[in-house]
1. What tally of residues in region 148-198 results from selecting those that are over 18 Å from the mean Cα position of the chain (by Cα), of a type in the set (V, I, T) and open to solvent by less than 30 Å² (accessible area, probe 1.4 Å)?
2. Specify which of the listed residues (R92, R100, R120, R72) is within 13 Å of the chain's Cα centre (by Cα) and basic (K, R).
3. Quick one: is T267 touching a Ser or Thr at 6+ places or on another chain (Cβ under 9 Å), polar (S, T, N, Q) and modelled with pLDDT under 75?
4. Quick one: would you say T225 is of a type in the set (V, I, T), at pLDDT below 85, surrounded by fewer than 16 Cβ atoms within 10 Å (Cβ to Cβ) and part of a loop (DSSP other than H, G, I, E, B)?
5. For region 299-314, which positions are surrounded by 14 or more Cβ atoms within 10 Å (Cβ to Cβ) and either modelled with pLDDT of 85 or more or not small (G, A, S) (or both)?
6. Given the options T78, T53, name the one that is farther than 29 Å from E323 by Cα and of a type outside the set (D, E).
7. Residue check: is A155 at pLDDT 90 or above and more than 28 Å from T71 (Cβ to Cβ)?
8. Mind listing whichever residues of region 112-135 are charged (D, E, K, R) and open to solvent by less than 50 Å² (accessible area, probe 1.4 Å)?
Amino acid sequence: MTPHSSPLDVLQWLARLPFLGVDDLALLTGQPEPDIEGVLREMKQDGLVDSITPSSPELDGAPVHILSELTRRRLTSTLGEAAARTLPLAWRDVVHRLARLEATVALNVFAAGLVASLHRSADREVADLRALPVRRPQDAWWPPGVQGYGCVCAAAGAAPFFVTVDRAGAPASHRAALVAGWYRFRETSPPWGNDIPPILVLCPRPARENDWARAVLASAARRNTVPLRVLTAGVATGADGFGATAWRQAQSAGRAGLLEWLPVWHTEHLSLPSTAVPDMLPAAPNEDRQPLHRWAHDVTSGPRSATTIERAAAIALTTSTVEKAL
């Protein structure tokens, strides 16, 4: 990768994965962090990128970056309807992920770690990795309740997978409803055929892996069907980096590396989802732009009207780490 291609590489990753840190982008692009910082600085000056500083006891407080509103709007216009259905470019995607920034960062850390680990592989590479849009169409090719999609390619074929981030405060009923939705998705003849790719669950602690295994197996028993391929692992966020080193399959107590668990699909029999991403830098916006932190301040201070999720996102951004810890 040449220095001239870095802005485009950064743009493409931010189109797929909102709220990436400098360390994440360095791993995703294979570039040194100082180079990424320089690229982001220039893109921010040009109005292509925005950034926020998380205030969460679970995160390290380093800034995370997102495409500016005007950039997202131009990319959506350029890419057409496919963008809205395959990439997290809509405003609702921004506010939903901002309101759940810890889960967003966990997904990004996992993605960056996976790409970095495959940079050292001679025969495997990441063909696709993205956060999924919040709005899920009726004919969606992904199951309900998952936040990400990825695909690893090798000579033998493709190994697609979905990703969901479990949160420590999520109740058992939420977990059961998600699992039931995944089984229904598999049963309704989705575009994947008779089966669906594995679903990776990033758990906040090891004990939660047992809860997921029980939910998957109990739902399979009620349906008298083969259990879903659900893989679980504990994933650290923030400064701890990529925390998933060994994965567990729901119907097995054994652990193995992720790539050992992922089944290979022969691509000639599989219509993979579109990987539409921007292939050129948009022109620098020539109109006034409102950074996210200023928008959040306007919402929380009262003069700006907002939906419930917008207000939750604004409060998440403007509340201090100390207040959240309390």
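1. Residues flagged as over 18 Å from the mean Cα position of the chain (by Cα), of a type in the set (V, I, T) and open to solvent by less than 30 Å² (accessible area, probe 1.4 Å) within region 148-198 amount to 2.
2. Values: R92 fails: within 13 Å of the chain's Cα centre (by Cα); R120 fails: within 13 Å of the chain's Cα centre (by Cα); R72 fails: within 13 Å of the chain's Cα centre (by Cα).
Result: R100 is the single residue among R92, R100, R120, R72 that is within 13 Å of the chain's Cα centre (by Cα) and basic (K, R).
3. Details: touching a Ser or Thr at 6+ places or on another chain (Cβ under 9 Å): no; polar (S, T, N, Q): yes; modelled with pLDDT under 75: yes.
Taking the combined requirement at face value, the residue does not satisfy it.
4. Details: of a type in the set (V, I, T): yes; at pLDDT below 85: no; surrounded by fewer than 16 Cβ atoms within 10 Å (Cβ to Cβ): yes; part of a loop (DSSP other than H, G, I, E, B): yes.
No: the conditions fail for T225.
5. Step one: list which residues in region 299-314 are surrounded by 14 or more Cβ atoms within 10 Å (Cβ to Cβ), which gives 299-300, 304, 306, 309-314.
Passing the criteria: V299, T300, R304, I309, E310, R311, A312, A313, A314.
6. On the way: T53 fails: farther than 29 Å from E323 by Cα.
From the options T78, T53, the qualifying one is T78.
7. On the way: at pLDDT 90 or above: no; more than 28 Å from T71 (Cβ to Cβ): yes.
No, not satisfied.
8. Restricting attention to region 112-135, the residues satisfying the condition of being charged (D, E, K, R) are 120, 123-125, 128, 130, 135.
Across region 112-135, the qualifying residues are D128, R130.
The values are calculated or read from the model by the stated rules, or taken from the named source; none is laboratory data. From a predicted model like this one, the values you see are computed outputs, not experimental measurements. A quick note on method: Cβ atoms are made from the backbone with ideal geometry, for glycine too, and the neighbour counts reach across all protein chains shown. The accessibility values were calculated without ligands, DNA or RNA, using every heavy atom of the protein model including side chains. Shrake-Rupley method; radii C 1.70, N 1.55, O 1.52, S 1.80 Å.
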